[in-house]
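**Student:** One structure, as structure tokens, below. Some questions next.
The values are calculated or read from the model by the stated rules, or taken from the named source; none is laboratory data. Just so we're clear, the structure is a prediction, and the values are computed from it rather than from any experiment. Cβ placement follows ideal geometry from the backbone for every residue including glycine, while neighbour counts extend to all protein chains displayed. Surface accessibility is based on the protein's heavy atoms, side chains included, excluding ligands, DNA and RNA. Shrake-Rupley method; radii C 1.70, N 1.55, O 1.52, S 1.80 Å.
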Amino acid sequence: MSIQWVLVSGFLYSEIALALLLSIPWISCKRWHRIFNSTIIGLIASYVNWIFVCFLSGLVVLFADSLREMYVYAGQDKKVDLTSAASPSAQEHILMKLFRAQRNFYITGISLFLLIVLRTMLIRVSRIARLEANYEAMQKQAVSAGTMNKTLLEENSALKKMTEGKEDLLEEVKKMEELKDQVKAAEKKAATSKADADAMRKQSENLTMEYDRLLTEHQTLQDLVTPSDKKDD
């Protein structure tokens, strides 16, 4: 068995082992996602497309080579001259070559199939892990939103109660302001009435003084007129 087919068979065994590991039910997709996001795997994952293309190209070339060998050795054993002395060994050699070509065909075919299957499985596992992470994040957001909503409702009810109390206080304050305005208006009216009363009092005092002065002048004039009347008599 040449070295390239040894490598292909080793690659096939590693694919089978990885497929079995991915099929283990108690290893969750989240854990696989953490493994894939590790430092070493992360460096390899950045070149995973190139690695996949390289392995796919190599396996396709080997698969084509195994098909060629199968086509070359198929039916060659029947063309061997059975009358010659070397015909049995030649026939066995051709059958051995055909067997190796068929073995290589199956190895490369299964390796190609598992390579595509494993790539699909890894993509699906990564997507499922992302969906689970997003689902958990959405659940946490929903729980936090529900808690916040409940808190906001409680604060809203408390604010409504405080607002109702404040409305009563505002009404009382408005009544007090109206009473103050009424008191101020009454004080202004009282001050105006007092000023009017003072003016009327001063006016009456002036009238009284004027009246007294007129009485005094009248009396003086009367005194002046009375002696002249007496002399005429």
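**Student:** Yes or no: Ser23 under 17 Å from Val117 (Cα atoms), among the small types (Gly, Ala, Ser) and surrounded by 10 or more Cβ atoms within 10 Å (Cβ to Cβ)?
**Tutor:** For Ser23, the condition - under 17 Å from Val117 (Cα atoms), among the small types (Gly, Ala, Ser) and surrounded by 10 or more Cβ atoms within 10 Å (Cβ to Cβ) - is not met.
**Student:** Could you list, in sequence order, the residues of the stretch 7-20 that are over 13 Å from Thr108 (Cβ atoms) and either within 37 Å of the chain's Cα centre (by Cα) or open to solvent by 70 Å² or more (accessible area, probe 1.4 Å) (or both)?
**Tutor:** Within the stretch 7-20, Tyr13, Ile16, Leu18, Ala19, Leu20 qualify.
**Student:** Turning to a different aspect of this structure: Quick test for you: out of Leu153, Leu179, pick the one residue that is farther than 23 Å from Val48 by Cβ and more than 47 Å from the chain's Cα centre (by Cα).
**Tutor:** Exactly one of Leu153, Leu179 is farther than 23 Å from Val48 by Cβ and more than 47 Å from the chain's Cα centre (by Cα), namely Leu179.
**Student:** Against the condition open to solvent by 80 Å² or more (accessible area, probe 1.4 Å) and more than 22 Å from Ile123 (Cα to Cα), how does Arg34 come out, does it pass?
**Tutor:** Numbers: open to solvent by 80 Å² or more (accessible area, probe 1.4 Å): yes; more than 22 Å from Ile123 (Cα to Cα): no.
Taking the combined requirement at face value, the residue does not satisfy it.
**Student:** Look through Tyr106, Tyr135, Tyr211 and report the one residue that is within 30 Å of Met70 (Cβ to Cβ), part of a helix (DSSP H, G or I) and open to solvent by 100 Å² or more (accessible area, probe 1.4 Å).
**Tutor:** Tyr106
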